[in-house]
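Sharing a structure here in structure tokens format.
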Amino acid sequence: MKILFYMPHADAAAWLHDFARALPEADLREWQPGDTAPADFAVVWRPPREMLAGRDDLRAIFNLGAGVDAILALEHEQPGTLPRNAQLIRLEDTGMGSQMAEYVTHAVLRYLRRFDEYHTLQNERCWHVLDPHPRETFTVGVLGLGVLGAQVAQTVAGFGMPVRGYSRSARQIDGIATFAGDAQFDAFLDGVKVLVNLLPHTPDTRDVLNARTFAKLARGAYLINVARGGHLVEADLLEALASGQLAAATLDVFREEPLPPDHPFWQEPRITITPHISALTLREDSVEQVARKIEALMRGDSVSGVVNLERGY
Ligand code: NDP
Ligand code: OXD
């Protein structure tokens with residue numbers, strides 16, 4: 001079978017080497033502009049339109065990430081871009097769940113124990129003890145209870161804070177108070193002290209982190225956005241910080257990446273910025289998962305992780 005690979009800024013040779021080992025019978029090549037030669041599968045991250053448009057020979061497109069918003073945007077901007085018969089298949093966990101759990105737990109504990117404020121005090125050479133946040137009201141709300149959100153919620157719950165989760169369809173997770181659908185959104189938000197976003201970026205979830213959402217949280221709440229920059233209304237975050245409705249935010253994703261040097265977020269000390277690293281795509285785990293799924297498809301079996309194009313995730 002013929003496999004096309006495209007991942008900008010990656011060590012393509014290393015990926016192709018690992019795929020060749022996992023699928024010895026495959027004919028692998030890195031896609032280059034102008035390559036329209038036949039292929040059965042595409043393994044991609046943020047591919048250009050030209051790579052996929054008109055490729056009706058493809059049986060499946062494997063997205064080297066959990067979020068498929070960039071690929072679906074190609075289709076949205078120019079309907080017909082995605083090959084008609086190809087399934088779009090995303091990564092499921094592949095080591096991202098534990099990375100996300102570490103990142104979010106670190107941020108939650110930093111705020112719970114007020115390390116952000118102690119850091120500021122240290123810079124002022126100020127020895128001052130702050131009142132601790134009561135753990136029992138330090139409610140953490142996780143938006144999205146999928147592969148990553150569920151792991152994050154369960155890991156944080158292990159530290160004894162009350163944890164809530166929100167999804168589209170009803171979910172049951174031990175130790176987590178779950179809420180589902182638009183009708184329960186406000187009840188989910190009510191009094192949350194740390195809001196963690198792990199929703200996919202879809203037409204339904206775009207701009208969900210906005211002034212209305214922030215107003216429902218506890219006064220002086222914290223925001224942790226590790227999903228997509230398009231979920232956040234940036235001006236509303238700055239306003240909520242200015243008014244004290246939000247105390248601080250940790251952001252890993254942005255509407256424009258890299259975050260431009262003149263962006264106001266860089267100047268706001270209550271915003272902690274990381275460069276889209278909360279859960280990196282791990283080569284070994286990803287190659288293994290994609291290779292096993294390609295083998296399953298070649299046998300005529302179905303696989304998990306197929307994106308529902310209507311829902312957008
Ligand atoms: P999943 O598809 O497994 O989970 C998505 C969750 O969001 C599900 O619980 C789903 O509900 C819920 N959801 C979707 N739409 C809505 C809606 N309109 N209202 C309420 N709930 C909704 O995704 P993953 O957990 O694998 O990944 C989540 C996102 O994390 C990715 O899409 C990506 O954007 C981001 N990500 C960021 C990374 C980074 O480094 N910053 C790395 C990896 C992922 P239901 O359960 O009912 O389907
Ligand atoms: C992903 C990402 O969606 O890295 O996997 O953002």
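Quick one: accessible area per residue over region 96-273, 1.4 Å probe, rounded to a whole number of Å²? Working shown, then result.
Values: 8710 Å² over 178 residues.
That works out to 49 Å² for each residue.
Another question, if that's okay. Which of Ala13, Leu109, Asn63 sits closest to the plus end of the dipole of the chain, meaning its Cα is farthest towards the positive end, when Lys and Arg get +1 and Asp and Glu get -1 on the C-beta?
Value: Leu109.
Please give me, ordered by residue number, the trypsin sites (Lys or Arg not before Pro) of region 217-268 that lie in loop per DSSP and have at most 14 other Cβ atoms within 10 Å.
Details: sites: Arg219, Arg228, Arg255; in loops: Arg219, Arg228, Arg255.
Loop-located and lightly packed - Arg219, Arg255.
Evaluate the relative contact order of the chain (contact order divided by residue number), counting alpha-carbon pairs under 8 angstrom at least 6 apart; express in whole percent. Walk me through the numbers before you get to the answer.
On the way: 556 pairs, mean separation 49.1, N = 313.
Worked out over the chain, it gives 16 percent.
Something else: Roughly how many debye, to the nearest 20, is the charge dipole of the chain about its Cα centre, given +1 on each Lys and Arg Cβ, -1 on each Asp and Glu Cβ, and no other charges? Display every interim value, and only then the final one.
Numbers: 30 positive and 41 negative charges, 124 e Å.
Dipole size: approximately 600 debye.
I've got another one for you. Just read off the accessible area of Lys216 with the full protein assembly in place, 1.4 Å probe, to the nearest 10 Å².
Approximately 80 Å² of Lys216 is accessible to the 1.4 Å probe.
Sticking with this one: Of Tyr111, Tyr6, Tyr166, which has the most accessible area with a 1.4 Å probe, and how do the rest follow in descending order? All intermediate terms of the calculation are to be shown ahead of the outcome.
Working: Tyr111 0, Tyr6 50, Tyr166 20 Å².
The ranking, largest first, comes out as Tyr6, Tyr166, Tyr111.
Name the GluC sites (Glu not before Pro) in region 76-171 that are in a loop by DSSP and that have at most 12 other C-beta atoms within 10 Å, would you?
Values: sites: Glu77, Glu92, Glu102, Glu117, Glu124, Glu136; in loops: Glu92, Glu124.
Here the GluC sites (Glu not before Pro) that fit, given the DSSP loop and packing criteria, are Glu124.
List the relative contact order of region 165-294 as a percent without decimals, with contacts defined as Cα pairs under 8 Å and 6+ residues apart. Mind dumping the intermediate values first?
Details: 185 pairs, mean separation 22.8, N = 130.
RCO, region 165-294: 18 percent.
Given Gly175, Pro275, Leu223, which one lies farthest toward the positive end of the charge dipole of the chain, if we put +1 on the Cβ of every Lys and Arg and -1 on the Cβ of every Asp and Glu?
Gly175
Let me ask you something else. With every atom except the alpha carbons ignored, what do you get for Rg and Dmax of region 96-273, in angstroms?
15.6, 50
Give, rounded to the nearest 20 debye, the magnitude of the charge dipole that region 96-273 has about its Cα centre when Lys and Arg contribute +1 at Cβ and Asp and Glu contribute -1 at Cβ.
Working: 16 positive and 20 negative charges, 87 e Å.
Taking the Cα centre of region 96-273 as origin, the dipole is about 420 debye.
If you don't mind, there's one more thing I want to ask. Leaving ligands and nucleic acids out of the surface, order Asp186, Asp204 by accessible area at 1.4 Å, largest first. Don't jump to the answer; show the numbers that get you there.
On the way: Asp186 55, Asp204 125 Å².
Accessible-area ranking of Asp186, Asp204, largest first: Asp204, Asp186.
Past the 22 angstrom mark, what percentage of all C-alpha to C-alpha distances in region 182-292 do you count?
Working: 2157 of 6105 pairs.
Result for the distance tail: 35 percent.
Turning to a different aspect of this structure: Using a 1.4 Å probe, how large is the accessible area of Leu52, given in Å² and rounded to the nearest 10?
Only protein atoms counted, so the area is about 0 Å².
So what does Glu239 come to for accessible area, using a 1.4 Å probe and Å² rounded to 10?
It works out to around 130 Å².
Give the dimensionless ratio obtained when the Cα radius of gyration of the chain is divided by 2.2 N^0.38 Å. Provide the component values of the computation, followed by the final result.
Numbers: Rg = 21.2 Å, N = 313, 2.2 N^0.38 = 19.5 Å.
In units of the 2.2 N^0.38 Å rule of thumb, it is 1.08.
The values are calculated or read from the model by the stated rules, or taken from the named source; none is laboratory data. Since the model is a prediction, treat every value here as computed from it, not as a measurement. Reconstructed Cβ throughout: ideal geometry from the backbone, glycine too, with neighbour counts over all protein chains shown. When the accessible area is computed, the model is the full protein with side chains, heavy atoms only, and any ligands, DNA or RNA have been set aside. Shrake-Rupley method; radii C 1.70, N 1.55, O 1.52, S 1.80 Å.
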